[in-house]
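Structure record follows, encoded as structure tokens.
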Amino acid sequence: MNPSSLLLILLCCGLTLAQDTIETQSPSCVDTCNIAKQFGAMREKIHSLETKMMNIENRLTGYESRILQVEQKERNMVIFSAGIGGRLPLGPFDTDQTMIYDKVFINTGNAYNAFTGIFTAPVSGVYYFTYFCHSGGGSTTSLHLYKNNEVILEIHDHQSADTADNGGNAVFLQLQQGDTVYVRLKANSHVYRASTVTNFSGFLVKKTN
């Protein structure tokens, strides 16, 4: 066999082997490309999920902040209202008496003591107080509202021919933490025990430092 014929045979064999190799590897290349595409799609989905999770976390943080603000406001809320029950005359007495409003309607913050009749400011701030009374016209009525030991407001009803009278008063007060507010029935005067008409109320308007 001459060299030219041998070279031609070897060339044909090489082309055949190369074709077989390409045909054998082609499916593997296709699979690799598909896997790469799927992996890319999964990465995009994971990135999208991560973004959504971050948005959810940010929203939850905002909700938690709002809840904390509401809880803080509730902790600072101070409201009370109480009356005197019994539907009987109270007084007259020989000495001044602190009014004990024993029927409590509300006492948010527990600043009012139903056993002593005294309100103690839990925080410094501006407070609003009201007090009302009912009495018979045949006797004198004199009720004073105190801040600590200072008279702030007064209700008076002089003896008259009236069968019954009502009175009331109200005030804004700047209180420091620990200040007390209460009502005293003056000596030789009376009121009528009825929570619907003889009562004492107050609430925190604004907290101050």
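Values quoted throughout were computed directly from the atomic coordinates according to the rules given, and no laboratory measurement underlies them. Because the structure is a prediction, the values reported are computed rather than measured. Glycine gets a Cβ as well: all are built from the backbone with ideal geometry, and neighbour counts include every protein chain shown.
How far, in nm, would the chain grow between K37 and I79 when pulled straight, counting 0.36 nm per residue and subtracting the alpha carbon separation?
Working it through step by step, the gained length comes to 8.5 nm.
PRE reach from V126 (point 7 Å along Cα→Cβ): which of segment 194-209 fall under 13 Å by backbone N?
Residues 204-209 fall inside that zone.
Taking the highest mean first, how do the peptides 38-44, 202-208, 142-148 order by number of other beta carbon atoms within 10 angstrom per residue?
Values: 38-44: 10.0, 202-208: 16.3, 142-148: 20.0.
Ranked from most to least packed, the peptides come out as 142-148, 202-208, 38-44.
Under 29 Å Cα-Cα from K207, which lysines qualify once same-chain neighbours fewer than 8 residues away are excluded?
K73, K103, K147
Provide the per-residue ³J(HN,Hα) series for segment 41-57, in order, calculated from phi with Karplus coefficients 6.51, -1.76, 1.60 and θ = phi - 60°, each as a whole number of Hz, with x at glycine and proline positions.
5, 5, 4, 5, 5, 4, 4, 5, 5, 4, 5, 5, 5, 5, 5, 5, 4
Straight-line reach from K37: which lysines fall under 18 Å, measuring Cα to Cα and dropping same-chain residues less than 8 apart?
Reachable lysines: K45.
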